[in-house]
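Heads up, the thing below is written out as structure tokens.
The values are calculated or read from the model by the stated rules, or taken from the named source; none is laboratory data. These numbers come from a predicted model, not from an experiment. Neighbour counts are summed over all protein chains in view; Cβ atoms, including those assigned to glycine, are modelled from backbone coordinates with ideal geometry.
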Amino acid sequence: MFRLAATLGRFVGELDGMSAHELQEWAAYDRMEGLPVQRNAYGHAYTAAAVAGLGSGKFDPDSFLIDLNRQPDPQQSETQMKAVADGLMRALKKFGGA
């Protein structure tokens, strides 16, 4: 409901007057095309992948998208957390951040 409200430039409470049929039509449209808010996210992901790829190769735009329906991962191990932190530090050093 929140993405639809944002797409229409309305508050969620203002959607109460929408018929069930119209709501179903919007849901079908969202499944087939994606609401504009979601399509914008894809555009930003492609831009981020292009910029990230300038220094070190090709990146998949999907890696820059947030999957809002994804179930949380199980708790990371200490080894996994350290690997992520080490990778971030290497990237910072490479690009002059630390």
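Below is a table of values for the structure above.
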{"quantity": "Pick from the stretch 10-48, criterion assigned to a loop (DSSP other than H, G, I, E, B) and at pLDDT 80 or above, ranking: surrounded by the fewest Cβ atoms within 10 Å (Cβ to Cβ)", "calculated": "Ser19"}
{"quantity": "Pairs where the first residue, in the stretch 4-32, is of a type in the set (Gly, Ala, Ser) and the second is in a loop (DSSP other than H, G, I, E, B), C-beta under 9 Å, 6+ apart", "calculated": "Ala5/Phe11; Ala6/Leu35"}
